[in-house]
Structures are given as structure tokens and as C-alpha cells.
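Notes to accompany the following structure.
The values are calculated or read from the model by the stated rules, or taken from the named source; none is laboratory data. All values derive from a computational prediction rather than experimental measurement. Cβ: placed from backbone, ideal geometry, glycine included. Neighbour counts: every protein chain shown. SASA here: full protein model, heavy atoms, side chains in, ligands and nucleic acids out. Shrake-Rupley method; radii C 1.70, N 1.55, O 1.52, S 1.80 Å.
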Amino acid sequence: MDRVSTHTGMRAGAKEWLGLTVLALPTLLLALDITVLHLGVPRLSEDLRPSSSQLLWIIDIYGFMIAGFLVTMGSLGDRVGRRRLLLIGAAGFGIASAAAAFSTTPEMLIASRAVMGIAGATLMPSTLALISNMFSVPHQRGLAIGIWATMFSAGIALGPIVGGALLEHFWWGSVFLLGLPVMLLLLLAGPLLLPEHRDPSAGRPDMVSVGLIIATMLSLTFGIKEGAVHGFSPVAIGSGALGLTLGFLFVRRQRRLVDPLLDLALFSNRSVRAGLVALLISTLTIGGIYLFLTQHLQLVAGHPPLVAGLLLLPGACALIVASLLAPILARRVPPMLIVGVSLATSAAGFVILAQAAATADTVLILVGFAVAYAGIGPVTALATDIVVGSAPVERAGSASALSETSTEIGVSLGIAIMGSVGIAIYRSGIPREPAVEGTTQAYESAAETLAAALQSADALPAGLGEELRSLATEAFAAGFVATAWLGAALLIAASAVAVTALRRTREERSAHRTRAHSSDQV
């Protein structure tokens with residue numbers, strides 16, 4: 001008979017598996033909110049009229065606030081109780097979701113998404129840390145984390161599909177109302193099914209460290225976005241330099257603190273470092289390509305939101321199946337080898353995307369996306385287990401936050417870096433001084449986003465409008481191609497890191513066994 005999971009390694013029972021169900025739902029929702037807005041970009045742009053910079057902030061401020069606060073909230077959960085923090089975050093997330101749904105200006109939507117991100121940061125490390133507490137038997141924990149990772153991956157994959165279905169019948173703000181019933185269920189079932197756990201020896205959070213890590217993230221993000229919109233201006237360079245300086249100060253402070261906000265000792269494990277790189281790069285590339293993929297399906301291929309979402313379903317299915325199979329395969333094959341091969345597979349998908357985007361071949365684009373997604377699933381499941389399984393139970397919240405920070409930073413950096421590169425290429429393809437007088441304003445508007453370009457083209461006389469439409473779609477395709485090639489290169493590099501880590505770990509183990517054998521003979 002199964003017994004309650006404890007630190008002694010007892011098997012988890014029915015209550016723990018029901019608790020996993022409760023934890024999986026908010027995980028699905030939080031991930032879904034990362035991508036659910038992508039298909040709403042055209043309608044949102046028509047309604048709120050954001051600038052290109054504001055549009056990027058609307059899409060990825062949520063992920064960046066999660067990433068900025070994850071380490072803080074993971075450490076806070078270790079101190080005040082993971083279940084308590086989870087329930088507080090659930091209430092805050094529901095309220096912020098309602099505010100986002102009924103936003104009337106770009107600034108209001110950005111602020112609401114930021115609060116959603118802060119609340120989401122309390123939820124994510126708590127869910128994964130509680131799973132680590134509830135499932136102490138390694139193969140059960142691996143399966144539970146695999147299910148958790150599948151729900152996270154499924155949320156990212158299903159976001160456009162769910163968003164498309166809602167946008168078919170409701171306004172763009174309806175995509176945010178999905179969070180209300182899920183968070184209500186968590187508030188009702190959480191106290192009954194989830195255990196409370198905290199680190200009794202933990203001290204108070206270091207608020208200086210909290211400020212440093214948040215300021216680091218936001219400074220770097222602002223610098224990247226400014227660079228994309230205005231080039232290497234003094235503001236962009238200064239903001240990036242400030243972020244790097246603050247990041248250095250944060251790391252130095254953690255090394256000196258007795259009870260650091262982020263336990264840097266976790267980085268001493270080679271597999272953990274490789275796992276974090278794999279999580280960062282895999283989610284960075286997917287986050288970056290999503291912005292172009294969803295706009296291509298709607299604005300270039302001309303599909304309505306629901307159809308665009310359904311076209312992404314094969315890719316979502318490939319990701320979910322690969323995520324579920326990975327923990328089973330890892331019982332016979334070294335997990336890091338699976339991670340390396342999966343990253344290379346995803347890179348092959350991005351190469352297909354680059355080729356297809358150049359010719360606007362929608363069918364081939366969807367094939368490339370499915371291949372890329374199939375490679376991402378095992379990475380999320382196995383790399384997460386590697387990172388979380390390396391930490392002692394009392395530091396599970398910090399380890400979980402570290403894993404999820406890599407994931408969230410990846411998605412958000414993908415939108416910021418790859419999205420900014422693609423948008424910069426797009427903007428360079430729109431002439432600032434059009435040949436025909438009287439069209440300057442239309443071209444200036446077109447340089448902001450593809451949606452704005454198509455609206456401006458519709459307002460011009462037939463011949464002029466068709467010329468602007470053609471220029472905009474060609475510029476968009478060029479940005480799409482460049483983004484896909486950049487993603488492929490990053491994934492190949494991450495695959496090499498994973499395989500190298502596996503080889504060096506094997507060499508270290510072999511050397512250790514040789515030394516032990518020699519010692520025994522002596």
C-alpha cells in the first residue's frame with residue numbers, strides 16, 4: 001500500500017497524486033498566459049493602438065516580471081511556507097487577470113500584465129517545490145515532474161489554440177478571464193490536498209538582493225528593447241551596462257551572505273549548469289519564434305484566429321507526446337543525452353522554418369514548427385528534474401525557482417532578443433522616405449508593426465496600398481527568416497553544451513572509480 005511521501009523516501013499515495021492534479025492546473029494556466037495573447041495581437045493593435053515598443057512590453061512584461069521575482073518568491077516560500085505563498089499568489093493572479101481583461105489603454109494592460117507576472121512568480125516555484133516535497137522516491141518524482149513539465153509545455157503550446165477559440169467569439173480581453181475559475185479551484189482545494197512545508201532554519205530574505213535581481217532583469221530588458229527600436233543609442237547602451245553591473249553586484253553579494261537569496265552552490269554541478277542552459281535556450285528560441293509564427297498565420301496567410309490556433313495543434317500534440325515519453329525513456333538512456341539530441345532535433349525544425357519563411361510556405365512552416373516543438377518537450381521535462389533533484393529538500397523552493405527562472409527568462413528573452421532582431425529587420429525594410437508624396441504618414445505607421453502596415457495599406461489608393469502591403473510582408477518575411485536562423489544556431493550551441501556535460505560527467509565518474517579501485521588495492 002502506498003504511503004505518504006516523506007524525507008525517508010516513502011512512496012506517494014492517492015492524496016499526493018490528487019494534489020499533483022491541483023498543482024498542474026495553475027501551471028498549465030501560467031504557461032498558457034505566456035502565449036495566449038499572441039493571436040490577439042492584431043485585434044489588440046486595432047483597439048489599443050500600441051507602438052511597436054509597447055506591443056513588445058505587453059507581450060513579454062508578464063514573463064519578465066515572473067523571471068525577475070521567481071528567485072525572490074522561491075526563497076520566500078522556503079521561509080513563510082510554500083502552500084501559503086501559493087494561495088496568496090492565486091488570489092492576486094485572479095484579480096490582476098480581471099484588470100488585464102478590461103484594460104482600456106496600452107499602459108493599463110502593461111501594468112496589469114506586470115502584476116500578473118509578480119503573482120505568477122509566487123505560484124510557479126511553490127508548485128514545483130511542493131512536488132519535490134510530496135514525491136521523494138526518485139522515479140515517482142521524475143514522473144511527477146514530467147507531468148508538471150508536460151502541463152507547462154502544453155500551456156505554452158495550447159495558448160494560441162485556446163486564444164483563437166475565444167477570439168472567434170469574444171473580444172481580445174477574454175483570454176485573461178481563463179485564470180479566474182482555475183485560481184478559485186486552487187484556493188478551495190489547495191488547503192485540503194497540499195501539505196505545508198518551509199525551511200525552519202531559513203532567515204529573512206535579503207531585500208538588497210531582491211532589489212538587485214529585479215533591477216538587473218528590467219535594466220537588461222529595457223536596453224535590449226531600446227536597441228531594437230532606436231539602435232545602439234546612449235540610452236540602450238547605458239541601460240544594458242547598468243543591468244550587467246547590477247547582475248555582477250548581485251552575484252558578489254550572494255557569495256558573501258550566510259543565507260543567500262540564490263544558492264550559488266547549485267551551479268557547481270556540471271549537469272545542473274547544462275540543464276539550465278538547455279532550459280534557457282530551448283524556451284528562448286520558442287518564445288522568439290512564436291511572435292512571427294502567429295502573425296504569419298493571421299496577417300500573411302490570412303487565417304482567422306481559431307483556424308490559426310488549430311493549425312498549431314499538430315505541433316502542440318508533438319510537444320505533449322515527447323514530454324510524456326521523455327521520463328520513461330530516461331530510465332534506460334542518460335537524460336542529458338536525450339536533452340542533447342532533443343535540442344539538435346529542435347534546431348532542425350528551425351532550419352525548416354527558415355527555409356519555409358523565405359517563401360511563405362505555410363504548410364512547411366507548420367512542419368518545421370512541429371519538429372521544433374517535439375524537440376523542446378523532453379528538454380523541459382528532463383532538465384527540470386536534473387536541476388530540482390540536485391537540491392536538498394529544504395532548498396527545493398530555491399532550486400525550483402532557479403529552474404523556472406531559466407525557463408521564464410528564456411521565453412521573455414526570446415521575445416525581447418529574437419523579437420527585437422526580427423522587428424529591427426522588419427523596420428529596416430520599410431522606407432522612411434517613400435517615393436510618393438502624401439504617403440509619409442502611412443509609411444511611418446507601417447514601420448511600427450505588420451498589423452499597422454496592413455491597416456495603412458488599406459487606407460491608401462489601390463496601387464499604392466498594394467505596394468506598401470508587398471513591402472511590409474517582404475520585410476516581415478526577412479525578419480522571420482533571420483529569427484529562425486538565429487534560433488537554430490542557439491539550439492545547436494546548447495546541444496553541444498549538453499553532450500559535452502554528459503561526456504565530462506562520465507569521464508569524472510570513470511576517474512573516480514579508478515581512484516577508488518587503486519585505493520582498495522593499496
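Results, tabulated for the structure shown:
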| quantity | calculated |
| --- | --- |
| Members of the stretch 134-144 that are part of a helix (DSSP H, G or I) and either among the small types (Gly, Ala, Ser) or modelled with pLDDT of 75 or more (or both) | 134, 140, 142, 143, 144 |
| Residues located in the stretch 145-154, provided they are surrounded by 23 or more Cβ atoms within 10 Å (Cβ to Cβ) and modelled with pLDDT of 70 or more | 145, 146, 148, 149, 150, 151, 152 |
| Candidates 358, 372, 383 - the one that is in contact with a Phe, Trp or Tyr (Cβ under 9 Å, 6 or more places away or on another chain), open to solvent by less than 10 Å² (accessible area, probe 1.4 Å) and in contact (Cβ under 8 Å) with a residue 40 or more places away in the chain | 372 |
| Qualifying residue in the stretch 160-179 (condition: acidic (Asp, Glu) and not in a helix (DSSP H, G or I)) | no |
| Single residue of the stretch 244-278 satisfying the filter (open to solvent by 70 Å² or more (accessible area, probe 1.4 Å) and among the polar types (S, T, N, Q)) that is farthest from residue 334 (Cα to Cα) | 245 |
| Selected residue [surrounded by 20 or more Cβ atoms within 10 Å (Cβ to Cβ) and either at pLDDT below 85 or not in a helix (DSSP H, G or I) (or both)] from 511, 516, 501 | 501 |
| Failed item in (1) modelled with pLDDT of 80 or more; (2) open to solvent by 10 Å² or more (accessible area, probe 1.4 Å), with residue 294 passing the rest | (2) |
| Within the stretch 80-126, tally of residues that are of a type in the set (Phe, Trp, Tyr) and crowded, with 23+ Cβ neighbours inside 10 Å | 1 |
| Top-ranked residue of the stretch 314-341 - restricted to ones that are open to solvent by 10 Å² or more (accessible area, probe 1.4 Å) and either small (Gly, Ala, Ser) or touching a strand residue (DSSP E or B) at 6+ places or on another chain (Cβ under 6 Å) (or both), ranked as farthest from residue 502 (Cα to Cα) | 318 |
| Candidate set: the stretch 39-56, residues that are over 17 Å from residue 289 (Cα atoms) and not charged (D, E, K, R); chosen: the one modelled with the lowest pLDDT | 53 |
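Okay, residues lined up against (1) in contact (Cβ under 8 Å) with a residue 60 or more places away in the chain; (2) farther than 27 Å from residue 197 by Cα:
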position: 70; (1), (2): yes, no
position: 74; (1), (2): yes, no
position: 77; (1), (2): yes, no
position: 83; (1), (2): yes, no
position: 88; (1), (2): no, no
position: 95; (1), (2): no, no
position: 98; (1), (2): yes, yes
position: 106; (1), (2): no, yes
